[in-house]
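Beneath this line is the structure, given in structure tokens, with notes to follow.
Any read-out appearing in this document is the output of simple, stated calculations on the displayed coordinates, not a laboratory observation. Keep in mind that this is a model prediction, so the values were computed, not measured. Backbone-built Cβ (ideal geometry, glycine too); neighbour counts: all protein chains shown.
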Amino acid sequence: VQLQASGGGLVQAGGSLRLSCAASRRTFSTYGVGWFRQAPGKEREFVAGISWSGGRTYYADSVKGRFTISRDNAKNTVYLQMISLKPEDTAVYYCAVDLSGVVPRGDSTGMDYWGKGTQVTVSS
């Protein structure tokens, strides 16, 4: 499965961005998808996850109420809408899939395929 994350950029604190994760396979609609991020000098951390149907979502406490994960299976795409961005949100953001279809809840080792990241930089 090839995944392509896009939508990153430079934004001021308080601003918003929408990331997209597009997949190469139509079976993408059967996979759980997670967004993770890695800041310089830090370990990769979980951000948000969504089940294959979109019916279940899960968020890291640090982004609850500010980030929203959603998916459009007809377009083989998962989105991460980010609002009220903070400088501490600065990181490379990655999307990954769980072939079982369950909603990812934080364990990056359980993800099966990863895409290349997209840089998000939030200036203060």
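Things to note:
- If R0 is taken as 41 Å, the Cβ-Cβ distance between Ala74 and Glu43 corresponds to a FRET efficiency of 0.75.
- Taking a straight Cα-Cα cut-off under 22 Å and skipping sequence neighbours fewer than 8 places away in the same chain, the lysines within cross-link reach of Lys75 are Lys116.
- Annotation: Cα Rg of the chain relative to the compact-globule expectation 2.2 N^0.38 Å equals 0.96.
- 10 Å Cβ shell holding at most 11 others, DSSP loop, trypsin sites (Lys or Arg not before Pro): longest site-free stretch of the chain: 65-124
- In summary, the aspartates and glutamates within cross-link reach of Lys64, defined as a Cα separation below 15 angstrom excluding same-chain residues under 8 places away, comprise Glu45, Glu88, Asp89.
- The spread of Cα positions in the stretch 1-40, taken along each principal axis and listed from longest to shortest, comes to 37, 19, 14 Å.
- A crude spin-label estimate for the pair Arg66 and Gln4, with each label 7 Å from Cα along the Cβ direction, gives 2.9 nm.
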